[in-house]
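Taken together, the values in this text are just the output of simple stated rules run on the coordinates, not laboratory data. None of the values given here were measured: they were computed from a predicted structure. Here Cβ is always computed from backbone atoms with ideal geometry, including for glycine, and neighbour counts include all displayed protein chains.
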Amino acid sequence: MPKLDLSSLPVRTGSTYPATLAAKMAGRSSLRLSDAAGLTQFGANLVRLEPGAMSSLRHWHETQDELVFVTEGALILRDDFGDTPLAVGDCATFPAGEANGHHILNLSDAPGSFLVIGTRTDTDTGWYPDLDLKVTSDRNGHRYTRRDGSPLDPENS
């Protein structure tokens, strides 16, 4: 049956970020909707942010589009243009290759949620404008390095 029972899906917490950066993702959880449905061409996740949490480190993708749709709460989009309030029903988009580092923050005192849908490509490179960090992704996972491709310092890996 195409309808997903969200209450039966595992809640994902944690991060693929290097250990010293992963702790910054405390208070974020998600349901992997597209994975649960067996979809392969795009990713769709329902992300929940507790008060004070962020969706990710500020980033942008070379080859993957992203679309965010707020489903609960009052959130903030922080990107290269500044902070933009997002309310239930608001949508934000991030075209592949557009060098606009972005993430979603919950600066309120109540939980917030959003649906994020993104392209799945065989490979991608993501950039983190606030850090000397890039990620190279393929079907085997993610590899974090400095922007120039050199290894991260041991305390950042």
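Mind pulling up the Rg/Rh value for the range 1-43? Radius of gyration and Kirkwood radius, both on Cα.
Reported Rg/Rh, Kirkwood definition of Rh: 1.08.
Which one, 34, 152, 85, projects farthest toward the positive side of the charge dipole computed for the chain from Cβ point charges (K/R +1, D/E -1)?
34
Tell me which of 7, 136, 61 sits at the most positive position along the dipole axis of the chain, charges placed on C-beta atoms (Lys, Arg +1; Asp, Glu -1).
About the Cα centre, the residue reaching furthest to the positive side is 7.
Using only helices, what value at 222 nm comes out for the chain when you add -39,500 (n - 2.57) per DSSP H run of length 4 or more and divide by the total residues, to the nearest 500 deg cm²/dmol? Let's see the in-between values first.
Values: 2 runs with 9 residues, N = 157.
Calculated mean residue ellipticity at 222 nm is -1000 deg cm²/dmol.
Only Cα pairs within less than 10 Å get springs; with that Gaussian network setup on the chain, which residue of 13, 121, 40 has the largest fluctuation?
Of the options given, 40 has the highest mean-square fluctuation.
Using only the alpha-carbon atoms of the chain as identical scatterers, what base-10 log of I(q)/I(0) does the Debye formula give at q = 0.15, 0.21 Å⁻¹?
Once normalised to I(0) and log-transformed, intensities are -0.83, -1.61.
Using Stokes-Einstein with the Kirkwood hydrodynamic radius over Cα pairs, what translational diffusion coefficient do you get for the range 23-66 at 25 °C and a viscosity of 0.890 mPa s, in µm²/s rounded to a whole number?
Answer, rounded: 204 µm²/s.
What is the magnitude of the charge dipole of the chain about its Cα centre, with +1 placed on the Cβ of each Lys and Arg, -1 on the Cβ of each Asp and Glu, and no other charges, expressed in debye to the nearest 20?
So the magnitude is around 440 debye.
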